[in-house]
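Step one of this worksheet: look at the structure below.
The values are calculated or read from the model by the stated rules, or taken from the named source; none is laboratory data. Computed from a predicted model, the values in this text were never measured in an experiment. So basically every Cβ, Gly included, is an ideal-geometry build from the backbone, and we count neighbours across all protein chains shown. The area values use the complete protein model at the heavy-atom level, side chains included, leaving out ligands, DNA and RNA. Shrake-Rupley method; radii C 1.70, N 1.55, O 1.52, S 1.80 Å.
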Amino acid sequence: MTAREANGTGRETRPARDPGRSTAEWVTLSVSIAIIAVLVGLVVIVFIFGGDKPATIEVRPLLEEVRQADGAAYLPVEVANRGNRTAEDVTVQMTLHTEAGEPATAAFTLRFLAGGERQRGVVAFPQDPRAGELRWTLSFIEP
Amino acid sequence: MERSEPGPWQKELDDFVRAFSGAFLFGIPLLFTMEMWWLGEFVAMWKLLLFLLVAFLANVHLAYFAGFKQESAFHTTVGQAIDALAVGAVTSVVVLIVLNQLSLADPPRAIAGKVILQTVPLSIGASVANLLLRPDESREGNGDQPGNPLRATLNDLGATIAGGLFLGFAIAPTDEIPMLAAEMQAFHELAIIALSLVLTYAIVFESGFNPQGAAPGTEGPFNLPITETVFAYLISLTVAFILLFLFNHIEGGEPLSTLLSQTLVLALPVAIGGAAGRLVI
């Protein structure tokens with residue numbers, strides 16, 4: 001019997017004797033299963049081996065990449081999370097102490113920093129940071 | 001004249017184009033939601049597995065009643081649900097990379113979180129593809145009168161604008177647009193142009209949602225597939241630009257690069273909305 005009838009959604013049902021999947025359908029289903037398996041495997045691996053260490057933030061001023069423009073010195077700062085948990089609202093405040101004048105302060109905030117992730121921020125000072133002493137403070141939230 | 005029955009590979013390709021089209025139509029607003037990207041950074045791994053399980057069960061149910069394959073016995077429903085999940089995952093990866101919200105260098109936890117969270121709504125969109133934009137055999141040539149190319153062109157023009165506004169209005173006022181635009185580089189901008197053109201072409205001409213095409217004698221400049229796609233994209237860019245101006249995201253005196261980036265970013269959902277508009281109107 002090969003009667004076909006439309007159901008309420010306007011879709012046709014297969015004939016009563018289903019010829020089975022075509023080669024194309026088997027290939028695409030195999031690829032789909034592989035994709036989902038990769039996703040699930042990634043989650044399982046991270047779950048088992050990813051660890052749960054609290055966020056540990058490392059701040060590294062890249063003094064070798066300082067550039068001067070319009071009377072200011074721009075200093076890239078690399079921020080890395082050595083822990084496993086994500087840190088939220090990571091605020092880095094850099095203070096430059098030089099022999100002449102008051103200390104200069106600049107800060108930036110990273111919205112999220114996942115475990116193992118590193119990002120860059122840039123701070124700008126009126127003096128070359130390589131000519132003074134840099135100190136920094138750090139704050140963040142663990143969601 | 002009847003169309004010849006497509007071969008199994010062509011049929012499978014048509015089914016998946018339909019699925020990807022449904023995924024984009026349903027999931028594009030959430031792809032442009034920053035909270036979804038952020039949640040992916042810290043959601044617990046066991047919750048991600050639960051998300052996948054819930055999505056799978058929902059897709060099994062949806063595939064049985066409204067799947068993207070036009071013929072489906074019950075025993076193929078599970079396979080179709082797996083296909084829908086895979087479509088959602090691939091769509092998620094591609095769009096997040098184009099929007100510069102995902103990189104293969106990101107930590108595995110962040111990759112898994114961002115991709116799986118977006119996979120849920122995108123896979124549902126793939127599963128309901130046939131319901132979202134069902135082929136309508138009663139509409140011959142979009143209802144155009146034979147020999148009236150101007151009317152057909154104006155109809156498509158209006159539909160593109162209306163559909164683009166429908167999706168664009170939900171995304172244009174948000175902060176995601178300037179945020180995305182600020183983070184995009186030249187590669188991402190070129191990729192988003194290509195993605196916009198390919199997607200709109202696929203939705204309108206390859207997904208099978210509108211198999212009738214233009215009625216004989218109504219072929220105007222808007223009805224040749226590639227011409228229509230490009231022209232519709234130009235309209236989408238214009239609509240996107242106007243929306244950004246109205247919602248104060250761009251003002252006079254802004255750098256050209258800023259205007260261009262924001263317009264290209266918003267033009268993606270506007271173009272998809274325009275493509276959907278040309279199918280339903």
Total formal charge among the other residues, if their Cβ is under 14 angstrom from that of A:PRO61, Lys/Arg +1 and Asp/Glu -1: 0
Helical contribution to [θ] at 222 nm, DSSP H n ≥ 4, -39,500 (n - 2.57), averaged over chain A, rounded to 500: -6500 deg cm²/dmol
Exposure of B:LYS11 as accessible area (Å², to 10), given a probe of 1.4 Å and all protein chains: 50
Assigned charges on the beta-carbon of Lys, Arg, Asp, Glu; the range A:46-143 dipole about Cα centre (debye): 280
Solvent-accessible surface ranking, highest first, for A:ILE33, B:ILE171 at 1.4 angstrom: A:ILE33, B:ILE171
Neighbouring partner chain Cβ atoms per residue of B:49-61, average, 10 Å criterion: 1
Backbone HN-Hα couplings from phi across the range B:118-124 [Karplus 6.51/-1.76/1.60, Hz, Gly and Pro as x]: 6, 4, 4, x, 5, 5, 5
Inter-chain shielding of B:37-46 (mean C-beta neighbours from other protein chains, 10 Å cut-off): 5
15 Å beta-carbon shell around A:ALA104, net charge (K/R +1, D/E -1): -2
Probe 1.4 Å - accessible area at B:PHE187, Å² to nearest ten: 130
Whether the range A:61-143 is rounded, prolate or oblate, judged on the alpha carbon gyration tensor where a/c under 1.5 counts as rounded: prolate
Table column - 3J(HN,Hα) (Hz), the range B:77-83, Karplus curve with 6.51, -1.76, 1.60, x for Gly and Pro: 5, 4, x, 5, 5, 5, 4
Sum of side-chain charges, B:VAL98 neighbourhood, beta-carbon under 12 Å (Lys, Arg +1; Asp, Glu -1): -2
Interchain or long-range residues, amide H under 5 Å from A:GLU117's placed H: A:ASN81
Within a Gaussian network of chain A (alpha carbon springs, distance under 10 Å), most fluctuating of A:LEU42, A:LEU63, A:LEU75: A:LEU42
More than 21 angstrom apart: percent of Cα pairs within chain A: 64
Summed buried accessible surface, chains A and B, 1.4 Å probe, nearest 100 Å²: 3300
Crossing angle, helix A:23-49 versus chain A [Cα axis fit, 0-90 degrees, rounded to tens]: 40
Signed unit charges on C-beta, dipole axis of the range A:29-143, positive-most listed residue A:VAL92, A:THR109, A:ILE57: A:ILE57
A:VAL66 accessible area, assembled protein chains, probe 1.4 Å, Å²: 20
